[in-house]
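Written below as structure tokens is the structure these notes are about.
The values are calculated or read from the model by the stated rules, or taken from the named source; none is laboratory data. Worth saying up front: this structure is predicted, and the values here are computed from it rather than measured. A quick note on method: Cβ atoms are made from the backbone with ideal geometry, for glycine too, and the neighbour counts reach across all protein chains shown. Only protein heavy atoms, including side chains, enter the accessible area calculation; ligands, DNA and RNA are left aside. Shrake-Rupley method; radii C 1.70, N 1.55, O 1.52, S 1.80 Å.
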Amino acid sequence: MTGVKLNYYDGSSNERVVVDEEVPFPEGKLIVSRTDTKGNITHCNQAFIEMSGFQESELIGVPHHILRHPDMPAAAFKGLWDTINTKAKWSGYVKNLRKDGKFYWVYAVVVPNIRNGELVGFASVRRKPSRTKVNECTELYKTMLAEEKS
Amino acid sequence: MKFTMTVSPDFSPDHIAGWYIFNTWLQKQTNEAIHLELYDSFEKQREDIEAGKINLIYANPYDASMLIRDKGFIAIAAPQNKSDEAIICVNSESDYQSVEDLKPQCNIATANDPEVSTIGMIMLEPADLSADNVNVSEHKNYVMVAKNLINQSVDAGFFLKEAYDDMSKFIKSQIRPIVTSQISVIRHTFLISPEFLASSNLEENDFRELLNEMHSDAKGLSTLKSLGFDKWENQSQEDAEFMIDLMDTLVT
């Protein structure tokens, strides 16, 4: 168990416990959340609460990067934000950090919520990922992280 | 003016009479002439939707997306505690215990139900299976999907959970679920067309109230029971828009 300082895209940072233990994605479930246009969580379903290990009250109103795992390269999230800010759909494989420091992999799809032509927020749905893709992304993200640190 | 109501063709055959009873109840309550048109195929129903022949519809989430965003239909209500879930089944004698046991080029049977096919394919993703590497055969209804599983001409079949639950004990003894979705937020929705609102003697809120209070009187409650519902709950336009956003995340 180690404490790791995480620097987020909004300039803030946080020290989090990281444990090298995967929690399996629940069969048949979808993890659902909504955020405002700045990425602050406005809604999350029960599967989100259970998998994240946080209470709902700890999640609502806070930035979605509360789930950011230190093994995820910043470039992955930059790609996400660059895409959804153009009102387009983004999808990708993400390693998430739980409150207890353990991790879980998801295949995430994020769509902009457009109402009367205006962007009002984002909806994100995560589902159980292919293990082959997870293995590929584990290697890819390691390379990307090494490049970001060099 | 005479209006036309329809129901998504994936409704259970057990509830055909229930929809006729509901239509009679609705006509009495609204004082409007409403014809119930039931379809046994999605294609024919969509043709009539395109032709502007439908004014009220109990729509599956897939069609609700198109009706709300492209045709301006208004979401009114959804059955309480009733979400659309999918089940993947195998032959009960087969060795398959989880989706990861299914391999590329396996044979999958589906009914012609786009929503269930979408959710079913999502549940196959962890096994590295997709439309590109499985053989999908479409069948007329879920009984035919079950028959193909029982005679072992396919490896797995997709079912709407409600359709699976309504199957006979004899059929269920020969097939076995390996995974069930627990999505909760995707559901059938009752919609009305803008033309209905413009021509009917009811305001949108009158119609909402009518359905939301339907369970409060004995006749309304027994009609709901014949549809397999406990009560309607209000579905705001934002509820429907959010469900459509979620459907959008599933279609990639």
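Ordered from largest to smallest accessible area (heavy atoms of protein chains, 1.4 Å probe), the residues B:Lys161, B:Lys140 come out as B:Lys140, B:Lys161.
For peptide B:116-122, compute the average count of partner chain beta-carbon atoms within 10 Å of each residue's beta-carbon.
Values: counts 0, 0, 0, 3, 0, 0, 6.
Mean shielding by partner chains, rounded to a whole number: 1.
From the square roots a ≥ b ≥ c of the eigenvalues of the alpha-carbon gyration tensor of segment A:2-149, which class results: rounded (a/c under 1.5), prolate (a/b over b/c), or oblate? Verdict is rounded for segment A:2-149. Distance from the C-alpha centroid of segment B:127-203 to that of segment B:42-121: 6 Å, rounded to the whole angstrom. Between B:Ile122, B:Val134, B:Tyr96, the Cα set farthest toward the positive side of the dipole of segment B:86-180 (charges on each charged residue's Cβ, about the Cα centre) is that of B:Tyr96.
Kirkwood analysis of the protein assembly as shown, using all unique Cα-Cα pairs, places the hydrodynamic radius at 23.0 Å. The mean count of C-beta atoms from other chains within 10 Å of the C-beta of residues in B:179-186, rounded to a whole number, is 5. Accessible area per residue (1.4 Å probe, heavy atoms of protein chains only) ranks B:Thr6, A:Thr42 as A:Thr42, B:Thr6, with the largest value leading. Rolling a 1.4 Å probe over the protein chains gives B:Asp40 an accessible area of about 130 Å².
If you scale each eigenvalue of the Cα gyration tensor by 5 and take the root, what three semi-axes come out for segment B:86-180, rounded to whole angstrom and sorted largest first? Before the final figure, lay out the partial values.
Working: eigenvalues 66, 41, 28 Å².
For segment B:86-180, the ellipsoid semi-axes come out as 18, 14, 12 Å.
Out of B:Ser8, B:Ile49, B:Ile87, whose Cα points farthest toward the positive end of the dipole of segment B:1-108 (charges: +1 Lys, Arg; -1 Asp, Glu; placed on Cβ)? Comparing the listed Cα positions along the dipole, B:Ile49 ranks first. The order of B:Ser94, A:Ser130 by accessible area, most exposed first and with a 1.4 Å probe, is B:Ser94, A:Ser130. When a 1.4 Å probe is rolled over the protein heavy atoms, the share of accessible surface on chain A that falls to carbon and sulfur comes to 51 percent.
With +1 on the Cβ of every Lys and Arg and -1 on the Cβ of every Asp and Glu, and nothing else charged, how large is the dipole of chain A about its Cα centre, in debye rounded to the nearest 20?
Around 340 debye, computed over chain A.
Take every pair of alpha-carbon atoms less than 8 Å apart whose residues are at least six positions apart; their mean separation over the length of segment A:2-149 yields a relative contact order of 26 percent. Using the Kirkwood radius over Cα pairs, work out the Stokes-Einstein diffusion coefficient for chain B at 10 °C and 1.306 mPa s, in µm²/s as a whole number. Rounded to a whole number, D works out at 83 µm²/s.
Over all residues in A:122-132, what is the mean tally of Cβ atoms on other chains that come within 10 Å of each residue's Cβ?
The shielding value for this peptide is 5.
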